[in-house]
1. Can you tell me which condition B:SER62 does not meet? The list is (1) more than 7 Å from chain A (Cβ to nearest Cβ); (2) of a type in the set (Gly, Ala, Ser); (3) within 20 Å of A:MET335 (Cβ to Cβ), and all the others hold.
2. Of the residues in the stretch B:28-51, how many are touching a Ser or Thr at 6+ places or on another chain (Cβ under 9 Å) and surrounded by fewer than 17 Cβ atoms within 10 Å (Cβ to Cβ)?
3. Need a quick list: strands (runs of 3 or more DSSP E) entirely within the stretch B:190-278 having at least 2 residues that are surrounded by 20 or more Cβ atoms within 10 Å (Cβ to Cβ) and away from chain A (no Cβ under 14 Å).
4. Exactly one of (1) farther than 22 Å from A:GLY443 by Cα; (2) more than 7 Å from chain A (Cβ to nearest Cβ); (3) basic (Lys, Arg) is unmet by B:ARG51. Its number?
5. Find all pairs meeting these conditions: Cβ atoms under 6 angstrom apart; at least six residues apart or on different chains; first residue within the stretch A:441-462 and on the phi > 0 side of the Ramachandran plot; second residue surrounded by 20 or more Cβ atoms within 10 Å (Cβ to Cβ).
6. Out of all the residues in the stretch A:353-369, is one or more within 27 Å of B:THR16 (Cα to Cα) and in a loop (DSSP other than H, G, I, E, B)?
7. Is it the case that the stretch A:469-478 has a residue that's in a helix (DSSP H, G or I), in contact (Cβ under 8 Å) with a residue 12 or more places away in the chain and surrounded by 24 or more Cβ atoms within 10 Å (Cβ to Cβ)?
Amino acid sequence: MIENEKQNYLTHPKGIMSWLLTLDHKRIGLMYLVSGILFFFMGGLLALGMRLELAAPGNDFISNEQYNNIYTLHGAIMIFLFIIPAIPGALGNILLPLMVGAKDVAFPRLNLASFYIYSFGALFALYTIINGGVDTGWTFYTPYSTQSSSNVVPMTLGIFIIGFSSILTGLNFIATVHKMRIPGLTWYKLPLFVWALYGTSLVQITATPVLAITMVLLMLERFLGIGIFDPALGGDPVLYQHFFWFYSHPAVYIMILPAFGIISEIIPVHSRKKIWGYKFIAYSTLSIAFIGFLVWGHHMFTSGQSVFSQIVFSFITYFVGIPTGVKIFSWILTMYKGQVSFTPPMIYALSFLFLFTIGGLTGIFLGAVALDIHLHDTYFVVAHFHYVMQGGTIVAFLGGLHHWWPKSFGTMYNQTIANICAFGVFLGFNGTFFPQFLLGLRGMPRRYATYSDQFVELHSYSTFWSGILGFSIFFAIVNLFWSFVKKNKVDPGSNPWGGMSLEWTHTSSPPHPHNFETDPVFEHGPYDYDKVIVEKTYKK
Amino acid sequence: MFDWLTEFFFPKQVSTFASDIDNLFYFIFYSSLVLFLIVVIGMVYLSIRYRARKDEPLRLTSSKDHSNLLESLFFIIPLILVSITFVWGIRSYLKMVIVPDDAIEIKVTGVSWFWTFDYPDGGQTLNELVVPSNTPVKLVLSSKDVLHSFFIPVMRSKMDCLPNRYNVMWFDATKEGVYDIFCTEYCGTGHSAMGAQVIVMKPAQYEEWASELGADDDSIPLDELGARLYTQKACNTCHTQDGSALVGPSFLQTSQMYEQERVFDDGTSTVIDDNYVRSSILEPQTQIVAGYQGVMPTYQGLLNDRELDALIAYIKSLNGDSQI
């Protein structure tokens with residue numbers, strides 16, 4: 001597969017316009033990656049600011065208003081500008097066409113449009129920050145959000161616009177998976193990351209419109225005074241919560257399903273072993289995506305909804321837990337009788353298993369209505385969703401970046417530094433968020449700028465470790481991009497981990513502008529480590 | 001026997017259903033711990049046992065990718081555990097929603113950023129909920145403005161306060177004492193200061209307290225009464241007495257500026273006197289001090305004339321105190 005080194009999508013064609021008007025899914029993916037990581041750093045700095053304020057009780061660093069702005073922006077940026085758009089947008093865009101053997105996604109122009117819609121929406125978010133922030137929490141609960149004098153409208157407008165980008169990307173991916181697979185690549189031969197993106201896309205196109213409508217209603221209420229959610233105008237704030245969580249619970253699966261897909265790739269490749277329970281993982285992705293639509297009420301256990309609703313929502317919530325649990329066991333059993341290498345992606349995958357298991361199990365506590373009433377809106381919930389969102393999604397995202405980095409960009413990072421950073425992320429993360437479970441159990445409410453003395457010890461402990469977490473993530477990402485600066489190139493035909501899916505076996509690193517030199521022929525499944533030996537090649 | 005553990009994880013158990021909820025927690029906790037250890041030990045064991053040795057050639061690995069026995073176990077054991085959790089969660093929950101008929105009813109109102117409590121025999125307290133022990137107490141909750149949520153950790157109970165409908169919660173306190181109340185639904189600048197206390201008294205003591213409630217504090221000098229009201233009526237949530245600005249201007253500043261001009265955000269100004277202070281308490285939205293947000297709720301109906309006089313006297317006394 002070794003051919004002219006200069007013919008790759010990064011260097012050909014050249015010029016700024018060839019990037020701004022590119023229809024190449026890989027370039028669009030790279031632009032998503034860079035903007036996503038910038039927002040990730042921005043959200044991370046805000047988080048460190050919050051932890052600094054919470055290191056001790058009282059307002060010693062920032063005022064209540066500033067704290068409320070910071071925590072709102074942290075949540076909104078991380079969720080709406082980084083996790084939801086950036087992971088499918090970056091890794092999904094770069095890899096999906098390669099994995100199905102296509103030259104590009106089904107609608108390349110639509111793909112570029114998605115990126116520009118995302119950027120346009122992001123401008124509103126940046127405007128919000130420059131113009132003094134927004135202080136409602138990322139949930140925008142009414143009637144506070146209809147009465148707040150902060151920038152609720154620019155922020156919700158930004159989220160509304162970014163929603164379209166999500167919908168169009170989802171549509172594009174679904175069409176690509178259905179129509180662009182090469183002959184012989186049947187559904188059950190697809191890499192599981194493709195299944196995960198397919199499930200994610202289904203949720204994106206079905207759930208996002210509900211969020212868009214909710215945001216429009218909120219803006220109508222503010223502009224025209226139509227009473228929908230504000231009781232002062234005759235509306236109902238609980239209706240807002242139903243609308244909001246009808247999107248935002250499925251959105252949790254938009255965030256976590258791609259992570260499941262990444263882990264389903266990393267573990268078999270780095271264990272050189274056929275994945276355990278392929279069909280189960282594939283179908284559970286779809287069933288989790290579906291059940292995710294039926295459990296939104298568990299965010300509202302203290303809102304005063306009827307006892308019957310509480311029982312039903314608690315019951316259905318556990319149906320998400322069971323398939324997720326079986327998935328975790330499948331990933332672990334994949335290593336059985338394999339050849340496991342402790343590479344940076346594998347370290348991230350193993351820490352994902354550790355952290356996501358804690359995140360999932362603490363969800364069981366919150367699903368039990370009687371216990372949730374004590375834990376609702378306390379730090380227990382904060383710790384729980386960070387274990388899922390950061391310990392799960394972001395750790396998997398970092399693992400995926402390390403896994404596909406040499407493939408996507410043709411350079412290899414320093415693996416020792418990458419491993420040290422992976423350990424730092426793991427330790428820093430647990431140090432930051434594990435104490436928060438205890439804080440929540442002891443009654444510390446969330447979204448507090450100050451707190452009483454009984455919580456000092458755990459809060460300062462959490463702040464200390466958050467610094468280590470921040471440094472580790474920062475250096476992990478710098479280490480990746482440093483490989484560009486050092487020009488530590490891998491061979492164009494290299495396959496450093498011995499991957500078996502099409503992106504490893506049939507394209508060069510970095511890939512050709514048209515992905516494949518010749519039409520790829522399907523030869524073996526993505527996990528056929530029991531049938532074919534694919535050599536690990538890195539440098540000559 | 002698990003007392004030290006309960007102390008470690010939870011605040012005290014004060015309501016009748018607290019121990020049941022804590023036990024549900026321990027059930028889930030130990031089941032989760034077992035599942036978690038299986039995951040971690042399995043993960044560590046398999047990854048080390050099957051690690052690629054140095055210079056080991058790549059080989060075809062096992063094609064084993066399913067085991068009916070193991071998969072059934074992974075399905076059935078968690079299913080049994082979550083079924084128990086679900087049923088336990090619902091049974092305990094029903095105990096928390098079915099209010100005993102003989103419960104005394106107290107009206108709780110959340111206002112940004114304090115709580116008021118109206119008692120069945122008349123009388124009202126602010127940020128201090130007084131209840132008798134070993135008696136069911138029913139709270140009827142609502143809000144005057146945005147959403148709030150009323151959380152008493154020691155009772156393991158919490159309920160949102162909505163501006164347009166009433167929610168109900170109840171508890172039966174088993175131990176006398178003073179315990180924290182928090183607001184757990186974000187409600188703006190003063191959210192983290194919107195705390196209160198529940199004071200659990202012996203029933204006889206409560207009766208005595210309730211009969212005295214609302215009686216005039218005529219015997220106390222005005223400025224001392226004002227000093228007491230400063231915390232009781234939650235002025236301290238937003239106004240300091242040491243000159244530093246919080247959500248609102250410090251009382252000390254107001255005190256030092258007595259007989260001087262104060263500028264408002266619409267450019268007008270007025271001389272600070274007793275009438276200004278009185279109207280700032282009763283109609284806080286009419287004149288907003290420049291540099292601050294007009295977020296203070298009205299105290300109309302929450303303070304009687306003597307209490308207003310007391311607060312005015314107290315504010316005036318601050319200046320003198322600081323000069324000593």
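Any read-out appearing in this document is the output of simple, stated calculations on the displayed coordinates, not a laboratory observation. Since this is a predicted model, take the numbers as computed values, not measurements. Every residue, glycine among them, receives a Cβ derived from its backbone with ideal geometry; neighbour counts consider all protein chains shown.
1. (1)
2. Qualifying residue count, the stretch B:28-51: 3.
3. Fully inside the stretch B:190-278 and qualifying: nothing.
4. With (1) farther than 22 Å from A:GLY443 by Cα; (2) more than 7 Å from chain A (Cβ to nearest Cβ); (3) basic (Lys, Arg) applied to B:ARG51, the lone miss is (2).
5. So the pair list comes out as A:GLY443/B:PRO11; A:GLY443/B:PRO153; A:ARG447/B:TYR186.
6. yes
7. Within the stretch A:469-478 (the criterion being in a helix (DSSP H, G or I), in contact (Cβ under 8 Å) with a residue 12 or more places away in the chain and surrounded by 24 or more Cβ atoms within 10 Å (Cβ to Cβ)), the answer is yes, since at least one residue qualifies.
Okay, residues lined up against (1) more than 11 Å from every other protein chain (Cβ to nearest Cβ); (2) touching a residue at least 24 places away in the same chain (Cβ under 8 Å); (3) part of a helix (DSSP H, G or I); (4) out of contact with any helix residue (DSSP H, G or I) (no Cβ under 8 Å at 6 or more places or on another chain):
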{"residue": "B:ILE21", "(1), (2), (3), (4)": "no, yes, yes, no"}
{"residue": "B:LEU73", "(1), (2), (3), (4)": "no, no, yes, yes"}
{"residue": "B:THR85", "(1), (2), (3), (4)": "no, yes, yes, no"}
{"residue": "B:GLY89", "(1), (2), (3), (4)": "no, yes, yes, no"}
{"residue": "B:LYS95", "(1), (2), (3), (4)": "no, yes, yes, no"}
{"residue": "B:TRP115", "(1), (2), (3), (4)": "yes, yes, no, yes"}
